[in-house]
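Worksheet: the structure to be examined is printed underneath.
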Amino acid sequence: MKRTILSGLAAVAGAMLIAACSSDKPAETASSAPAAAAPAAAPAAAAKRVFFVEPADGATVKSPVHLKFGVEGVELSPVPTGEVATARPNMGHHHVGVDTECLPPGTVIPKAAPWVHFGNGSSDIDMQLTPGQHKLALELGDDLHTTIAGLCTTINVNVTP
Ligand SMILES: [Cu+2]
């Protein structure tokens with residue numbers, strides 16, 4: 001009788017060991033699966049950008065120059081009317097700077113030359129430019145006109161008389 005019980009316990013213990021081993025392996029596979037999926041999701045999160053739809057970088061153009069802006073990963077939105085105390089997250093409007101560089105992230109874009117604000121949410125303009133080479137900076141700013149990391153680009157155009 002006792003031997004039967006002991007061997008029965010041994011069988012149970014053996015089964016538990018096997019169960020423990022086999023349950024370890026799927027757990028390892030499961031934990032490595034999200035890690036493998038993470039890099040695939042990263043490019044989508046990093047897709048925030050602003051760009052000139054036109055003109056193309058290096059283009060030769062005539063004044064007035066038609067500028068058209070694009071944005072991805074951030075919602076283009078007019079600045080709310082009235083007193084704006086806080087910037088809505090992941091929303092912004094375009095700014096163009098003529099013959100200037102991108103401002104550092106977190107900088108309030110001046111409401112003065114060489115910057116033009118598109119606070120109404122528009123994304124194009126016919127701009128008068130003097131003949132010659134011009135650098136155009138396209139910078140997205142939030143509701144407080146503050147620059148956002150990674151959301152600026154520059155192009156060069158050659159304006160003919
Ligand atoms: Cu602005």
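Charged neighbours of MET91, selected by a Cβ distance under 14 Å, balance to -2 (K, R count +1; D, E count -1).
Going by how many other beta carbons lie within 10 Å of each one, how would you line up CYS152, CYS102, fewest first? Walk me through the numbers on the way to the answer.
Numbers: CYS152 21, CYS102 15.
Ordered by Cβ neighbours within 10 Å, fewest first: CYS102, CYS152.
Give me the net charge for the shell around VAL50: Cβ to Cβ below 11 angstrom, other residues only, Lys and Arg +1, Asp and Glu -1.
Details: positive: LYS48, ARG49; negative: GLU72, GLU139.
Summing Lys and Arg as +1 and Asp and Glu as -1 gives 0.
For a quick check: sort ASP99, ASP143 by the number of other beta carbons within 10 angstrom, fewest at the front. Don't skip to the end; give the middle numbers.
On the way: ASP99 14, ASP143 19.
Final ranking by Cβ density, sparse to dense: ASP99, ASP143.
None of the figures in this text is laboratory data; all of them are computed from the coordinates on show. Because the structure is a prediction, the values reported are computed rather than measured. Backbone-built Cβ (ideal geometry, glycine too); neighbour counts: all protein chains shown.
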